[in-house]
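What follows draws every value from the coordinates through simple rules; no lab data is involved. Worth saying up front: this structure is predicted, and the values here are computed from it rather than measured. Note that we place each Cβ from the backbone using ideal geometry, even for glycine, and neighbour counts take in every protein chain shown.
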Amino acid sequence: MAYSRCMAEENVLFDDLVGRRGSCRGYAPGPVSSEVLEQIVTTAQRAPSWCNTQPWQTEIVSGAALDRLRKALAEDDRWGSDFEFPGSYEGVYRDRRREVGWQLYEAVGVERGDREGSARQMLLNFDFFGAPHAAFITVPASVGVYALVDVGSYVQTFLLAIESHGLGAIAQAALAQKAEFLRDWFEWDDDRKMVCAISFGHPDRDHPANSFRSRRVPVAEAVRFHD
């Protein structure tokens with residue numbers, strides 16, 4: 001009975017952790033301590049992977065190095081990703097994408113039709129939303145498509161580890177569009193492919209971009225049960 005009660009309490013804690021997590025687009029000053037950084041990446045490394053291949057490789061950039069990277073990104077005009085982005089979103093996927101986009105724009109005061117405002121908001125991705133740390137996550141192309149499945153579990157574990165320390169983070173596919181630049185910057189081998197970045201740090205709870213949470217569809221729209 002004590003074991004069951006303990007497991008139930010742990011489940012509540014996990015549900016709360018998942019429920020609290022959101023995309024953080026505004027950060028308070030100050031870095032995360034090296035001890036906490038080490039705890040985060042140690043936890044993330046426990047993510048499951050196909051045949052325990054653990055195909056992810058991560059670069060974490062902070063401080064003056066991140067300032068140099070911001071500046072270099074702003075000056076580089078190369079665009080292109082290692083993995084093809086969707087040509088378009090249709091049906092419910094388009095609707096969900098638009099919904100969260102308008103949630104963000106309304107929170108930060110970008111009105112409908114303000115293309116300059118929405119472009120400025122998009123470009124904040126390449127400034128890491130002012131975060132003090134950014135992680136760049138790659139996989140080897142030679143491992144195949146299941147490396148991307150594995151890196152998805154790694155990213156989720158990384159995000160939840162960050163949340164568990166009371167920090168904020170956002171996973172960013174936008175940075176994957178700078179794959180060629182990042183390959184040169186980090187001196188990656190051609191086999192290493194850029195998947196996404198994660199910007200993170202101490203969240204600014206009062207930042208308007210952090211004032212909303214994206215909606216999740218009901219389970220009935222995503223899951224079918226077969227007895």
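If we keep just the residues of the stretch 74-115 that are more than 18 Å from the chain's Cα centre (by Cα), aromatic (F, W, Y) and not in a helix (DSSP H, G or I), which is farthest from Q172 (Cα to Cα)? In this case the residue turns out to be Y89. Taken over the stretch 138-183, the criterion of being aromatic (F, W, Y) and out of contact with any Phe, Trp or Tyr (no Cβ under 6 Å at 6 or more places or on another chain) is satisfied by F158, F181. Scanning the stretch 57-72 for residues that are over 15 Å from G130 (Cα atoms) and of a type in the set (S, T, N, Q) yields a total of 2. Taken together, the residues in the stretch 59-73 that are closer than 22 Å to V139 by Cβ and outside any helix (DSSP H, G or I) amount to 3. Look through the stretch 22-40, keep the residues that are among the β-branched types (V, I, T) and part of a helix (DSSP H, G or I), and return whichever of them is farthest from L159 (Cα to Cα). The residue in question is V36.
Residue by residue, here is whether (1) free of Cβ contacts under 8 Å to residues at least 24 places away in the same chain; (2) of a type outside the set (A, V, I, L, M, F, W, C) holds:
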residue: A44; (1), (2): no, no
residue: W50; (1), (2): no, no
residue: S62; (1), (2): no, yes
residue: E90; (1), (2): yes, yes
residue: D114; (1), (2): yes, yes
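Please indicate, with yes or no, whether at least one residue in the stretch 36-46 is farther than 20 Å from W188 by Cβ, touching a helix residue (DSSP H, G or I) at 6+ places or on another chain (Cβ under 8 Å) and crowded, with 17+ Cβ neighbours inside 10 Å. Within the stretch 36-46, one or more residues are farther than 20 Å from W188 by Cβ, touching a helix residue (DSSP H, G or I) at 6+ places or on another chain (Cβ under 8 Å) and crowded, with 17+ Cβ neighbours inside 10 Å.
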